[in-house]
Amino acid sequence: MLACDFGNLESEISMINDSKADWFHIDVMDGVFVPNISFGTPIMNILKKYTKKPLDVHLMIINPDNYIEKFAELGSSVLTVHFEACTHLHRTIQRIKSLNMKAGVAINPHTPISSLESIIKEIDLVCIMSVNPGFGGQSFIETTYQKIKNLKSLINKRNSKTLIEIDGGVNSENAKKLIENGADVLVAGSFVFKSENPTNTISTLSSLIN
Ligand code: ZN
């Protein structure tokens, strides 16, 4: 939703509601963990009110532990925190799950998959950042494919059910290859909202990966 037109938020939400998209992906930025500030609870309240699909909330913030309850109240189905922002990741994940949300862990481009080895079984979703987080509309980092393969083999080795989500620079050129390499969830922002017909763009992406 970072790439949507906030002046027409309600109509942007209904477009997604009526589209083939499965989830709403919401990037919350604090201007500290990432150099940008996106939005906070007032926008989340509007999303909660009008969306008819699960809210996949991506916290790009420091001290995410302070906000876990808040985002549960705001209707998050998936709550993703950054590996780089959590000192006690295991505890954070348990708290998210105890509030009936799926626990996601996002990793920045410089963070290796091996960092997740001892905790992968606890994680419902790993979000691989395929751009440096902070802004929409950046270009895709090619080494992401290898990272997906490494993560998939770790998941298989540990017999875990963790989903692999790719966030950043997803478009109709790379979507199929991402899925073939093992991705389960693709986040598309600018590619959808900046296209001439967002509903059709979502349908196209959806047909490429299903
Ligand atoms: Zn995101």
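At 222 nm, what value in deg cm²/dmol follows for the chain if DSSP H runs of at least 4 each add -39500 (n - 2.57) and the sum is divided by all its residues, to the nearest 500? Could you put the intermediate results ahead of the total?
Numbers: 8 runs with 72 residues, N = 210.
Rounded to the nearest 500, it is -9500 deg cm²/dmol.
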Built amide H within the under 5 Å cut-off of L2, gap 5+: D27
Check: the chain dipole with +1 on Lys, Arg Cβ and -1 on Asp, Glu Cβ, in debye: 680 debye
From phi via Karplus (6.51, -1.76, 1.60), per-residue ³J(HN,Hα) for the range 33-41 in Hz, x at Gly/Pro: 5, 10, x, 10, 10, 9, 7, x, 5
Rounded to whole Hz, the Karplus (6.51, -1.76, 1.60) HN-Hα couplings of the range 124-129, x for glycine and proline: 7, 8, 10, 9, 8, 6
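How much of the accessible area of the chain, in percent, comes from carbon and sulfur atoms when a 1.4 Å probe is used?
Details: 4760 of 9990 Å².
Reported share for carbon and sulfur atoms: 48 percent.
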Interchain or long-range residues, amide H under 5 Å from L163's placed H: L125, V126
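Would you work out the relative contact order for the range 29-73, in percent, from Cα pairs under 8 angstrom that are 6 or more residues apart?
Details: 23 pairs, mean separation 20.9, N = 45.
In percent, rounded to a whole number, it is 46.
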Within the range 171-192, backbone nitrogen closer than 15 Å to the virtual label 7 Å beyond the Cα of S153 toward Cβ: 181-182
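If packing is taken as the average count of other Cβ atoms within 10 Å, what order do 3-10, 100-107 fall into, highest mean first? Kindly include the intermediate steps, with their values, before the conclusion.
Details: 3-10: 12.6, 100-107: 20.2.
Highest-to-lowest ranking by the protection proxy: 100-107, 3-10.
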For K20, residues with placed amide H under 5 Å, excluding near neighbours: S203
Residue-normalised accessible area of the chain, expressed per residue, 1.4 Å probe, Å²: 48 Å²
The range 6-205, relative contact order [Cα under 8 Å, separation at least 6], %: 16 percent
Estimated vicinal HN-Hα couplings, Hz - the range 161-169 in sequence order (Karplus 6.51, -1.76, 1.60; Gly, Pro = x): 9, 4, 8, 9, 10, 10, 10, x, x
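Going by the alpha-carbon gyration tensor, a ≥ b ≥ c the square roots of its eigenvalues, is the chain rounded (a/c under 1.5) or, if a/c is not under 1.5, prolate (a/b greater than b/c) versus oblate? Intermediate values should be presented prior to the final figure.
Details: a/c = 1.56, a/b = 1.12, b/c = 1.39.
Oblate.
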Highest-first arrangement of 93-99, 110-116, where packing means the average Cβ count within 10 Å: 93-99, 110-116
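The values are calculated or read from the model by the stated rules, or taken from the named source; none is laboratory data. Note that this is a predicted model, so its numbers are computed, not measured. Virtual Cβ from ideal backbone geometry, glycine too; neighbours counted across all protein chains shown. Calculation scope for accessible area: heavy atoms of the full protein, side chains included, ligands and nucleic acids excluded. Shrake-Rupley method; radii C 1.70, N 1.55, O 1.52, S 1.80 Å.
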